[in-house]
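To start, the structure under review is shown below, and the notes come after it.
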Amino acid sequence: MKTFLIACAMCTAAACPLLFCACGGLKINPDLVENDFGGAPTSYVYTMDGEDFEEGDTFYDYLLSLRADGELQFETTAGQYGPYITSVGGLEEKYESAASGYSWMIYTDLEEYGGVIYSDASYGTWEHDGKLLNSASYGVSAMPLAEGYTYALVYSRWSY
Amino acid sequence: MNGTPRGLHRRKVLSPAKEIAFTALTCAMLIGVQYALYALPGVECVTVLLACTAYVFGARFGFFTGLCFALLRCIVFGFYIQVVILYCIYFPLFGLVFGLAGRLKGTKKLPLSFKVSLNAVCAALCVAALCIAGTGALKIAPVYEGMVYTLLYIAGVFFGIAALTFDCIWIFCRGGEHADRAMKLIFVTSAAALCTICFTLLDDALAPLILGLSERGALAYFYASFAAMLPQTVCTIVTVALLFVPITQTLDKILR
């Protein structure tokens with residue numbers, strides 16, 4: 001009985017952090033860049049035309065074709081879930097601290113495609129030319145291209 | 001009535017001073033191992049190390065080591081509220097579970113309730129994994145489909161084989177010391193795999209609350225999490241199956 005009570009007390013203690021969730025209201029919203037980074041562009045926006053890509057291509061394939069044509073310079077590292085963009089046009093991601101920094105993030109208006117959810121407004125949004133784009137739920141190599149949809153690489157500030 | 005469930009044994013306990021010292025030492029080792037192997041996804045050394053130490057040193061040790069690790073690792077890896085909450089819930093409970101499982105150490109055979117539970121859990125996980133893989137029910141990006149479904153088949157087959165092997169040993173090899181060790185290893189490995197699955201599911205439940213995701217956003221998070229959960233689960237199975245016995249034997253010598 002004593003052991004059971006100790007186990008119950010330990011489980012209760014471990015569950016206490018849940019209270020933080022209940023009263024937290026914490027929301028991670030990237031504060032987008034408004035600073036001048038030496039004139040370097042902080043966003044690249046592409047709206048897909050059927051001639052720009054082939055069936056099954058991803059946003060990463062499209063960026064590679066732009067790089068091959070000399071229209072865009074970017075660098076990646078091999079992440080656990082595919083390539084991870086570290087710099088675009090010479091502007092590199094950077095950490096201010098362990099809990100804040102700047103990264104290249106993908107925004108798109110492609111919300112659902114083939115039954116898969118690729119973005120959602122609750123992940124964060126970015127407005128461009130009156131169009132509201134959502135932060136993507138997948139990385140650059142998992143984002144499929146679809147005609148008429150807009151994809152953006154945005155240098156974004158993130159913080160916890 | 002001594003507070004110990006029937007069929008389970010009380011272990012040799014550490015003195016309070018030694019327990020505190022071992023907790024600190026284990027915490028340092030866990031953080032060091034996580035830091036050193038940070039770039040190698042899939043090597044689940046934190047899981048196996050905490051499981052082994054809790055198994056040998058007890059439930060209280062496991063709980064407090066898990067809690068200390070969850071808090072102190074933030075000094076190295078940063079205070080991300082989502083991660084802190086997730087770790088503060090998961091690792092103490094993980095340590096507690098393996099600490100309680102450690103009471104099997106002194107027993108000659110597993111209690112019947114453990115045998116039935118293992119069969120039920122393994123059968124349920126086997127059926128779930130194979131059904132999801134067979135029906136292609138996950139709404140994930142095509143680029144991850146191959147990897148996720150392959151790992152689902154592997155996990156499903158593992159849980160099926162684990163249950164079958166366990167039952168064969170239970171029925172045909174009664175009483176042998178090696179048979180008993182094998183059954184305990186299957187039990188511990190399955191428990192570690194189940195805990196790893198629970199870790200991701202717990203994250204799926206907590207993250208939408210903390211990040212304020214919509215229902216749709218939470219669903220996307222849930223599906224995408226399979227790409228992380230399955231490699232971790234398969235690696236946990238391999239790591240625990242290979243390292244659990246040698247590490248616990250070494251720790252037993254330290255305890256003596």
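Of note:
- Relative contact order of chain B, defined on C-alpha pairs under 8 angstrom at six or more residues apart (%): 24 percent
- Exercise: per-residue mean of other protein chain Cβ atoms within 10 Å, B:92-103: 2
- Extension gain for residue B:172 to residue B:18 (0.36 nm times residue separation, less C-alpha to C-alpha distance): 51.3 nm.
- Here, the stretch B:36-143 is characterised by an Rg to Rh ratio of 1.07, where Rg is the alpha-carbon radius of gyration and Rh the Kirkwood radius.
- Computed FRET value (nearest 0.05) for residue A:150 with residue B:117, which takes r as the C-beta separation and R₀ as 41 Å: 0.20
- For residues of A:133-146, the mean tally of beta carbons on other chains within 10 Å: 3
- When each of B:109/B:253; A:94/B:139; A:131/B:139 is checked by Cα-Cα distance, pairs over 29 Å: A:94/B:139
- Between residue B:253 and residue A:127, the modelled label-to-label distance comes to 6.8 nm, taking each label 7 Å out from Cα in the direction of the beta carbon.
- Binned Cα-Cα distance frequencies in the protein assembly as shown - 20 Å width, integer %: 23, 51, 23, 3
- Enclosed volume per residue, in Å³, of the convex hull spanned by Cα atoms of the stretch B:16-255: 128 Å³
- Rounded FRET efficiency, nearest 0.05, which uses the C-beta distance separating residue B:145 from residue A:111 and R0 of 25 Å: 0.80
- Dipole magnitude for the stretch B:16-255: computed about the Cα centre from +1 point charges on Lys and Arg Cβ and -1 point charges on Asp and Glu Cβ, it is near 620 debye.
- Take each residue of peptide B:207-220, count the partner chain Cβ atoms within 10 Å of its Cβ, and average: the result is 6.
- Of all aspartates and glutamates in the structure, those lying under 17 Å Cα to Cα from residue B:18, and not within fewer than 8 positions of it along the same chain, are B:252.
Rule-based calculations on the coordinates, nothing more; no lab input. From a predicted model like this one, the values you see are computed outputs, not experimental measurements. When we count neighbours, we look across all protein chains shown, and the Cβ atoms used for this are built from the backbone with ideal geometry, even at glycine.
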